[in-house]
Amino acid sequence: MFWATAAIIVGIALTVVSADKFVEGAASLASRLGMSHFLIGLTIVSVGTSAPELLVSAVAAYEESPGLALGNALGSNITNIALVLGATACVFPLLIPRPLVRRELPLLLLVCLGICGLAYRGIFDLWAGIALVAALPIVLLQLMKDEAASGEEADIPDLSLPLSVILTIGGLLVLLASSKALVWGATEVARHFGVSELVIGLTIVAIGTSLPELAASMASALKNKTDMALGTVIGSNFFNFLGVIGIAAIISPFAIEADVYTRDLPWTLGLTVFLLLIARFGAHGTLNRSYGILLLLLYVSYLWHISATIVPN
């Protein structure tokens, strides 16, 4: 039990740090190869915040821990909306850009409904995974249009070529190793306490892999770029729905546990709808502290719902 707990703690820490260094190195390398800062921000930087979720769920699927893979993806999306946005809004009221209200959030809701529809088939199989991954470029193109209209460009570190290569390759290798350690620790803890891997994925692992989104959102808010804080979370949720679940299903198709239908999917859908309603009808285009507190209370309620529905194995 000691080693499993240590693997989770060290795995989360190294996953977060290595993902950040991988993005830093890859972004600098892409810049040196002539890619524009705008395109780097759209692809490497935005997707990079979801690298922990992607690697952890991919490793979990490969090692036949589907509950952990799906729990991490859905739990991260719930954590992003309720905990990350809630905590950030409590510190810095967040400006809600109009394109987010008109296009991104309705599109996110549509994707969420698609995930629910696929889930109610009882399995995320190879074809479902291919469909989700194929939809990802379409969503990225839509995000590209709105990003171009905003005129924002990512801040790209200016690193030497050798350091860029070292951070890119080293970050990716450490990310993979730490993801394997995290998956092993999570499965051992689930086995020790007699709870499902789904529950561990929805809670401990999801919170750990959502730390990059929390850090990115807080950093954007500190720089008075509060619209970017929202964009980070929305972009990450798109990638978790389409990329993380899709790739996990392609690696190893998996059946869906009953609690996902009665607890986790309704919470995921409900929070997505709630965020859209706040954005459209809320306080003058701002996610203020009152909404932030409400989101945090909803997250606590979700954790209570999980604890109330745990059935020991």
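Taken together, the values in this text are just the output of simple stated rules run on the coordinates, not laboratory data. Small disclaimer: the values here were computed from a predicted structure and weren't measured. For neighbour counting, all protein chains shown are included, and Cβ atoms are generated from backbone atoms with ideal geometry for every residue, glycine included.
Under 8 Å for C-alpha pairs, at least 6 residues apart: give me the relative contact order for the stretch 1-123, rounded to a whole percent.
Details: 36 pairs, mean separation 18.1, N = 123.
Relative contact order of the stretch 1-123: 15 percent.
Within 10 Å of each residue's Cβ, count the other Cβ atoms and sort SER65, SER160 from fewest upward.
SER160, SER65
Amide H neighbours of SER252 under 5 Å, counting only residues 5+ apart in sequence or on other chains, H built in-plane at 1.01 Å?
none
Counting only other residues whose beta carbon sits under 13 Å from that of SER65, what net charge do I get with K and R as +1, D and E as -1? Mind showing how you got there, number by number?
Numbers: positive: LYS180, ARG191; negative: GLU63, GLU64, GLU188, GLU197, GLU257.
Neighbour charge sum, excluding SER65 itself: -3.
Mean-square fluctuation check for the chain, GNM, Cα pairs under 10 Å: which of TRP267, TRP127, TRP184 is largest?
Of TRP267, TRP127, TRP184, the Gaussian network model singles out TRP127 as fluctuating most.
Among LYS180, LYS225, rank each residue by its count of other Cβ atoms within 10 Å, from fewest to most, as a rough exposure measure.
LYS225, LYS180
By the gyration tensor of its Cα atoms, with a ≥ b ≥ c the square roots of the eigenvalues, what is the shape of the stretch 186-313: rounded for a/c under 1.5, prolate for a/b over b/c, or oblate? Mind dumping the intermediate values first?
Working: a/c = 1.92, a/b = 1.65, b/c = 1.16.
It comes out prolate by the Cα gyration axes.
For the chain, with a Gaussian network of springs between Cα atoms less than 10 Å apart, report the residue from THR49, THR168, THR79 with the top mean-square fluctuation.
Sorting by GNM fluctuation, first place goes to THR168.
Between LEU110 and ILE310, what length in nm is gained on full extension when 0.36 nm per residue of separation is reduced by their alpha carbon distance? Each step should come with its number before you reach the end.
Working: separation 200, 0.36 × 200 = 72.00 nm, distance 2.96 nm.
Fully extending the segment from LEU110 to ILE310 adds 69.0 nm.
Just how large is the dipole of the stretch 2-308 about the Cα centre, in debye to the nearest 20, putting +1 at every Lys and Arg Cβ and -1 at every Asp and Glu Cβ?
Using Cβ point charges on Lys, Arg, Asp and Glu, the stretch 2-308 gives about 520 debye.
Taking R0 as 30 Å, what FRET efficiency do you get between GLN142 and ILE169 from their Cβ-Cβ distance, rounded to the nearest 0.05?
The value I calculate is 0.40.
Sorting check: for 187-194, 213-220, which peptide has the highest mean count of neighbouring beta carbons within 10 Å, and how do the rest follow?
Values: 187-194: 15.9, 213-220: 21.1.
Output ranking for 187-194, 213-220: 213-220, 187-194.
Please compute the modelled spin-label separation between VAL91 and LYS225, points set 7 Å along Cα→Cβ, answer in nm with one decimal.
So the two model labels end up 1.6 nm from each other.
Gain in length, TRP3 to LEU269, computed as 0.36 nm per residue apart minus the alpha-carbon separation, to one decimal in nm? Can you show the working numbers first?
On the way: separation 266, 0.36 × 266 = 95.76 nm, distance 3.60 nm.
Gain in length upon complete extension: 92.2 nm.
Students often get this wrong, so try it: which of [x] 52, 50, 37; [y] 76, 56, 39; [z] 65, 41, 41 is Cα extents along the principal axes in Å as calculated from the structure shown?
Derived directly from the coordinates: [x].
Compute the distance in nm between two label points, each set 7 Å from the Cα along the Cα-to-Cβ direction, one at ASP125 and one at ALA13.
Distance between label points: 4.4 nm.
Could you work out [θ]222 nm for the chain from helices alone, using -39500 (n - 2.57) per DSSP H run of at least four and dividing by all its residues? Round to the nearest 500 deg cm²/dmol.
Working: 15 runs with 218 residues, N = 313.
The helix contribution divided over the chain gives -22500 deg cm²/dmol.
For GLU64 and ALA134, compute 0.36 nm times the residue count separating them, minus their Cα-Cα distance, and round to one decimal in nm.
Extending this stretch completely gives an extra 22.9 nm.
Just need the relative contact order of the stretch 2-308 here, percent rounded to a whole number, with Cα pairs under 8 Å and 6+ apart.
43 percent
Can you find, among ALA248, THR187, GLY122, the residue sitting farthest towards the positive end of the charge dipole of the chain, where Lys and Arg contribute +1 and Asp and Glu -1 at Cβ?
Farthest towards the positive pole: GLY122.
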